[in-house]
Amino acid sequence: MPINTTPAIEQHPLQVLKVQKTRSLSGASELTYHLGCDPIDNLYIRLWANSSGGLHSKHWFSLARILERLILNDEKPITSATLRSVCPGSMNNGGFILAALRQEGLVKPIAGAEHGMNRVEPTAYLAEVQALIAAGTAIAIPPLANRRTLPVAKRAGVTAPVGTPLKRGSRR
């Protein structure tokens, strides 16, 4: 499969091929991520949820650009900083995407080193993903509830009768 560096096109929704969970690199949280493809089979990855408080972007990142970045960095250990240029937004994106790449078998820890990963040849992985595309895999993802758009009472976990004013910061 040729590597294409085309960025995600917003007007074309991406087809989710895989939903996966993994531990963050620190092991402090569980991450949920998606693998998807566009209408011309370019692959993308996005972070979807974090069980801890670490912020991240929910944008789709080009898997081809990520793999190209890993190839360019082949002589050095791969760290979260390696991915910052291809996973912009939150400073956590690089580390969280690196954890997802580890789960997918695209990188592996360096034996005996506390930090850093080595690239794994992606041929078998890309063939596996092509099989998902060929099979017509399309996973429906319900939208995440944005706590900031919920009424104050629901954010605080409080149930108050309809029409009852709730003071800011109060927990009846």
Matching residues in the range 49-66 - criterion: being more than 14 Å from CYS87 (Cα to Cα) and assigned to a strand (DSSP E or B): ALA49, ASN50
Of the criteria (1) at pLDDT 90 or above; (2) touching a Leu at 6+ places or on another chain (Cβ under 9 Å), which one ASN92 fails: (1)
Conditions (1) in a helix (DSSP H, G or I); (2) farther than 18 Å from HIS34 by Cα; number of the one not met by ARG102: (2)
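Output the residue which, of all residues in the range 97-126 that are under 16 Å from LYS18 (Cβ atoms) and among the hydrophobic types (A, V, I, L, M, F, W, C), is surrounded by the fewest Cβ atoms within 10 Å (Cβ to Cβ). Explain how you work it out, then say what you get.
Our first condition is that a residue be under 16 Å from LYS18 (Cβ atoms); within the range 97-126, this holds for 97, 99-106, 122, 124-126.
Those still in the list that are among the hydrophobic types (A, V, I, L, M, F, W, C) too: 97, 99-101, 106, 124, 126.
Values: ILE97: 25, ALA99: 24, ALA100: 25, LEU101: 26, LEU106: 22, ALA124: 10, LEU126: 18.
My answer is ALA124.
The values are calculated or read from the model by the stated rules, or taken from the named source; none is laboratory data. Keep in mind it's a predicted model, so treat the numbers as computed, not measured. For neighbour counting, all protein chains shown are included, and Cβ atoms are generated from backbone atoms with ideal geometry for every residue, glycine included.
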